[in-house]
Amino acid sequence: MEAGRRVLANAAVGIPAALVVFGGSAVGLLVLAEHFRDRWLVGRLLAMIGFYLASGGALLVTLLLLMAVLRPNLAAKLFFVPNKALTPNVVRDLIAKRAAPVTVPIASEHGVLRVVPVKPEWWLDQDAYADDAAPVIAVEDIEYRLPGWDPYDVAVPAGTVDVVAWVPRRNGNPGRRVRNSIPVREGRVGALVFRPSSIPELPGTVESLNSELTGTLSLFRLVLAAALLIGFTYAAWRLATG
């Protein structure tokens with residue numbers, strides 16, 4: 001179901017955006033065609049736009065049709081490639097860390113910000129980081145150097161809290177900074193998941209990881225399915241028409 005919602009949301013945003021981009025390009029090239037008196041330029045542009053729109057439409061229709069026929073869960077397994085760095089066990093472990101007892105006292109009108117850093121199993125640029133590298137967080141411009149990769153609690157005033165997290169490099173410079181804002185209720189815990197950019201990064205709540213478990217859409221598998229569907233449809237039409 002989650003995969004279906006993601007597809008529909010992306011289509012709702014992507015189709016108007018494509019029309020705006022291609023429409024703007026068409027107007028611009030139409031002006032150029034008039035300037036250079038090249039009428040075929042507009043025809044070639046329209047053919048190109050038609051090809052891309054037809055291809056995108058065929059892929060979208062294929063995905064939606066197979067999701068309706070095969071059910072969303074099976075379609076997601078066929079067309080989405082899971083993220084190897086994130087598994088259901090990892091998410092369950094993060095949920096357990098979020099639910100652990102608070103390690104700092106909570107004053108009146110305050111809550112607790114819990115940063116749950118996810119230690120990467122590998123680095124894209126591992127030589128830039130020390131073996132004992134640990135995250136650093138800045139909460140409302142106050143810097144905290146975490147002792148390791150365990151959850152870290154910070155008592156904060158209730159409300160929306162701005163957090164910046166990064167991993168320092170060997171040369172002393174911070175790695176890529178990840179920013180997020182998270183609401184913290186009075187007397188409650190607001191948990192923020194931080195993963196360095198090499199995993200890649202994902203600031204957010206534990207719940208936001210559930211959609212990532214589906215994985216990313218495989219364009220190769222979708223194109224193959226669209227080609228097979230078009231081929232079967234054509235073959236059935238030829239048989240039906242004799």
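The values are calculated or read from the model by the stated rules, or taken from the named source; none is laboratory data. None of these values were measured; they are calculated from a predicted model. Cβ coordinates were reconstructed from backbone atoms using ideal geometry, including for glycine residues, and neighbour counts include every protein chain displayed. Ligands, DNA and RNA are stripped out before the accessible areas are found, and what is left, the full protein with its side chains, is counted by its heavy atoms. Shrake-Rupley method; radii C 1.70, N 1.55, O 1.52, S 1.80 Å.
Of all residues in the range 38-56, those satisfying the criterion of being surrounded by 12 or more Cβ atoms within 10 Å (Cβ to Cβ) and among the small types (Gly, Ala, Ser) are SER55, GLY56. Quick one: count up the residues across the range 150-176 that are aliphatic (A, V, I, L, M), open to solvent by less than 30 Å² (accessible area, probe 1.4 Å) and more than 13 Å from ALA130 (Cβ to Cβ). So the answer is 6.
Taken together, the residues in the range 63-99 that are surrounded by 14 or more Cβ atoms within 10 Å (Cβ to Cβ) and part of a loop (DSSP other than H, G, I, E, B) amount to 4. Checked against (1) surrounded by 14 or more Cβ atoms within 10 Å (Cβ to Cβ); (2) in contact (Cβ under 8 Å) with a residue 60 or more places away in the chain, LEU60 passes all but a single condition, namely (2). Contact annotation: residue pairs with Cβ atoms under 6 Å, 6 or more positions apart or on different chains, pairing a residue in the range 141-167 that is over 15 Å from VAL112 (Cα atoms) with a partner that is open to solvent by 80 Å² or more (accessible area, probe 1.4 Å), are TRP149/LYS119; VAL164/ARG177; VAL164/ARG179; TRP166/ARG177.
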